[in-house]
Amino acid sequence: MTTTEAPATTFESLDPRTGDVVGHHPVNSPEEVQAAVDRAREEAAWWRALSFDEREKHLQTWKGAMTRRVAQLAQVMHEETGKPHGDAMLEAALAIDHLAWAATHAEKVLKRRKVPSGLLMANQAAYVEYQPLGVIGVIGPWNYPVFTPMGSIGYALAAGNAVVFKPSEYTPGVGEWLARTFLESVGRPVLQVVTGFGETGHALCTSGVDKIAFTGSTATGKKVMAACAESLTPVVIEAGGKDALLVDSDADLEAAADAALWGACANAGQTCTGVERVYVHERVYDEFLSMLTAKAREVTAYDGADSKIGPITMPRQLEVIKRHIDDALARGGRAVVGGTEAVGERFVQPTVLVDVPEDSEAVQEETFGPTVTVAKVKDMDEAVERTNATRYGLGSTVFSKARGMELASRIRSGMTAVNGVITFAAVPSLPFGGVGDSGFGRIHGPDGLKEFTFAKAIARQRFKPLLALTTFARTEKADQQLASMITMLHGRGTTIRKS
Ligand code: NDP
């Protein structure tokens with residue numbers, strides 16, 4: 001944050017692998033949050049007055065600085081989340097790619113364009129343009145502390161808004177790194193960061209920002225929405241998920257097993273679009289399960305430079321993971337890899353559960369650990385039905401040679417990867433977001449740019465209307481002509497012309 005008053009208190013940021021303190025950060029008070037938002041409003045006026053080209057230039061400068069220092073950024077992420085350095089690099093690289101896309105495409109997506117005005121209003125020239133909302137409050141999670149908030153920050157900035165970002169209490173250093181490099185690159189604090197706990201996030205919700213982009217759990221998303229309702233502050237909610245992977249009888253099983261394991265265990269399973277359930281056609285179930293099992297036994301979570309799976313970042317999540325595994329086993333499920341003993345003090349080993357009842361927590365609730373349930377289905381209709389039987393609807397994956405696109409369309413989720421896993425998140429032109437308890441609104445792509453704007457409609461009269469309708473001087477003849485015209489245009493119930 002850019003105000004000069006000393007913060008009342010500070011808090012520590014810890015390395016989850018060891019518990020070592022890696023940083024101290026201010027607990028910003030509501031007054032300090034308000035000061036940041038007030039400052040952002042001044043910056044927003046300057047930023048929105050720039051042309052698309054000028055904003056793009058600034059954002060490209062920031063992108064360049066981030067790219068040149070990406071190893072430093074990855075190190076901060078590694079220290080605060082415990083995730084392997086390579087995974088942190090991948091995450092940062094994807095975030096940079098999204099920033100570049102948003103900066104380059106903002107003008108094309110948002111600039112004023114002419115739209116057809118229709119026969120009744122043929123004397124009007126009609127335009128739509130997308131104007132920045134002003135100041136966007138971004139509240140981010142810790143699991144992908146760069147990629148996830150940058151999906152809002154990058155797109156909101158490219159659309160002409162200023163941003164005040166509240167990172168998770170587990171990853172404040174990452175947030176500060178982003179704001180610092182932005183300031184060094186652009187020279188003005190159009191992006192600021194405020195740090196602290198839930199109260200700081202709540203203060204951002206009630207600070208009069210023009211929109212809140214929240215990413216986090218469904219439960220906190222509800223609190224954010226309730227706080228924002230008081231002032232009719234709009235929200236984007238990117239919440240949790242319980243994503244399924246479907247394996248059809250004609251699927252490439254090797255690739256499907258590889259995707260299931262990586263989707264379930266990458267980032268220690270702490271991925272909103274992570275694979276938490278797998279539904280496999282009965283014809284290939286045994287073969288798939290033995291492939292998945294063999295692969296899962298080769299991966300271990302530990303603290304080491306070459307580790308592929310890091311620790312559980314948030315200690316209290318260990319209880320949730322253990323509870324889900326215990327519940328699954330108590331209700332007749334079997335752990336073919338891992339199990340209760342896989343849950344350690346900081347690390348959780350890959351766990352593959354089978355024969356788990358569909359109404360158990362391990363199938364219905366977000367586990368957020370390196371665990372996955374695998375179930376046999378008689379056909380892909382049953383796979384789709386079971387996939388859709390949750391309150392979440394974030395992402396999904398389909399492995400099928402012949403029916404990938406068809407099955408993808410039938411799954412009720414915001415995103416689906418076909419014969420790949422979580423690939424949709426890395427395509428900048430695709431919208432990212434969910435349905436149901438996974439939230440609403442979209443980041444990424446043209447929809448993600450528009451999310452941080454309002455549509456402005458302009459109708460400009462080109463010549464006097466043949467039928468003067470919007471006047472008290474409207475005549476009876478004009479009413480009759482209108483009736484004839486509307487009958488001619490729409491009376492037959494078929495489309496005469498499209499405009
Ligand atoms: P939380 O919901 O615990 O926290 C998210 C953010 O909200 C944090 O910055 C948190 O601050 C803040 N916060 C907490 N209480 C309040 C409040 N009352 N008002 C305003 N802000 C508040 O989520 P996690 O950080 O644990 O993240 C994991 C969750 O995020 C998972 O459910 C995951 O699925 C989801 N997620 C969703 C994604 C998506 O795009 N759909 C992407 C990535 C994650 P603090 O940390 O200081 O408490």
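Listed residues GLY332, GLY304; which is out of contact with any Leu (no Cβ under 9 Å at 6 or more places or on another chain) and modelled with pLDDT under 95?
On the way: GLY332 fails: modelled with pLDDT under 95.
Just a single option satisfies the conditions, and that option is GLY304.
Evaluate the following for VAL235: is it outside the structural domain of THR416 (by TED's automatic domain parsing), touching a residue at least 24 places away in the same chain (Cβ under 8 Å) and either in contact with a His (Cβ under 8 Å, 6 or more places away or on another chain) or at negative phi (or both)?
Details: outside the structural domain of THR416 (by TED's automatic domain parsing): yes; touching a residue at least 24 places away in the same chain (Cβ under 8 Å): yes; either in contact with a His (Cβ under 8 Å, 6 or more places away or on another chain) or at negative phi (or both): yes.
Taking the combined requirement at face value, the residue satisfies it.
Where residues in region 208-220 are surrounded by 23 or more Cβ atoms within 10 Å (Cβ to Cβ) and more than 7 Å from the ligand (Cβ to nearest atom), which of them is farthest from GLN34 (Cα to Cα)?
Selected residue: ALA213.
Every residue, every condition in (1) surrounded by 23 or more Cβ atoms within 10 Å (Cβ to Cβ); (2) within 18 Å of the chain's Cα centre (by Cα); (3) within 16 Å of the ligand (Cβ to nearest atom); (4) in contact (Cβ under 8 Å) with a residue 24 or more places away in the chain, yes or no:
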site	(1), (2), (3), (4)
GLN131	no, no, no, yes
VAL138	yes, yes, yes, yes
ASN143	yes, yes, yes, yes
ALA159	yes, yes, no, yes
VAL163	yes, yes, yes, yes
PRO167	yes, yes, yes, yes
THR171	yes, yes, yes, yes
SER185	no, no, no, yes
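Of the conditions (1) closer than 28 Å to LEU133 by Cα; (2) part of a helix (DSSP H, G or I), ALA88 clears all except one; give me its number.
(1)
Would you point out which residue out of GLY160, GLY118, GLY196 is in the same structural domain as VAL224 (by TED's automatic domain parsing), touching a Ser or Thr at 6+ places or on another chain (Cβ under 6 Å) and on the phi > 0 side of the Ramachandran plot?
Going through GLY160, GLY118, GLY196 in turn, just one is in the same structural domain as VAL224 (by TED's automatic domain parsing), touching a Ser or Thr at 6+ places or on another chain (Cβ under 6 Å) and on the phi > 0 side of the Ramachandran plot: GLY118.
Looking only at region 260-277, how many residues end up being within 14 Å of ALA417 (Cα to Cα) and crowded, with 24+ Cβ neighbours inside 10 Å?
The qualifying residues number 5.
For ALA425, which of the numbered conditions (1) over 30 Å from ALA122 (Cα atoms); (2) more than 16 Å from the ligand (Cβ to nearest atom); (3) of a type in the set (A, V, I, L, M, F, W, C) fails to hold?
(2)
Is there any pair with a first residue in region 204-224 that is closer than 21 Å to GLN270 by Cβ and aliphatic (A, V, I, L, M) and a second that is near the ligand (Cβ under 9 Å from one of its atoms) and assigned to a helix (DSSP H, G or I) whose Cβ atoms are under 6 Å apart and which are 6 or more apart or on different chains, and what are they?
Partner pairs satisfying both residue conditions: VAL224/CYS205.
Looking at this structure, is LEU232 within 16 Å of the ligand (Cβ to nearest atom) and either under 23 Å from the mean Cα position of the chain (by Cα) or surrounded by fewer than 22 Cβ atoms within 10 Å (Cβ to Cβ) (or both)?
On the way: within 16 Å of the ligand (Cβ to nearest atom): no; either under 23 Å from the mean Cα position of the chain (by Cα) or surrounded by fewer than 22 Cβ atoms within 10 Å (Cβ to Cβ) (or both): yes.
In short, no.
Being within 16 Å of the ligand (Cβ to nearest atom), on the phi > 0 side of the Ramachandran plot and either within 19 Å of the chain's Cα centre (by Cα) or in a helix (DSSP H, G or I) (or both): is that true of PHE368 here? Talk me through it step by step, then tell me what you get.
Values: within 16 Å of the ligand (Cβ to nearest atom): yes; on the phi > 0 side of the Ramachandran plot: yes; either within 19 Å of the chain's Cα centre (by Cα) or in a helix (DSSP H, G or I) (or both): yes.
Judged against the criteria, PHE368 is a match.
Take region 428-444 and flag every residue that is touching a residue at least 60 places away in the same chain (Cβ under 8 Å) and more than 11 Å from the ligand (Cβ to nearest atom). Working first, answer last.
Narrowing region 428-444 to residues touching a residue at least 60 places away in the same chain (Cβ under 8 Å): 428-429, 432-434, 437-444.
Within region 428-444, PRO428, SER429 meet the criteria.
Conditions (1) within 16 Å of the ligand (Cβ to nearest atom); (2) in contact with a helix residue (DSSP H, G or I) (Cβ under 9 Å, 6 or more places away or on another chain), marked per residue:
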{"position": "ALA244", "(1), (2)": "yes, yes"}
{"position": "SER249", "(1), (2)": "no, yes"}
{"position": "ALA255", "(1), (2)": "no, no"}
{"position": "ALA259", "(1), (2)": "no, no"}
{"position": "VAL278", "(1), (2)": "no, yes"}
{"position": "GLU282", "(1), (2)": "no, no"}
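For region 372-389, which positions are surrounded by 15 or more Cβ atoms within 10 Å (Cβ to Cβ) and part of a helix (DSSP H, G or I)? Even if it seems obvious, please write down each step before you answer.
Initially, region 372-389 is screened for residues surrounded by 15 or more Cβ atoms within 10 Å (Cβ to Cβ), giving 372-377, 380, 382-384, 386-388.
Scanning region 372-389 gives MET380, GLU382, ALA383, VAL384, ARG386, THR387, ASN388.
The values are calculated or read from the model by the stated rules, or taken from the named source; none is laboratory data. Since the structure is predicted, the reported quantities are computational estimates derived from the model, not experimental observations. All Cβ positions, even for glycine, are placed from backbone atoms using ideal geometry, and neighbour counts span all protein chains on display.
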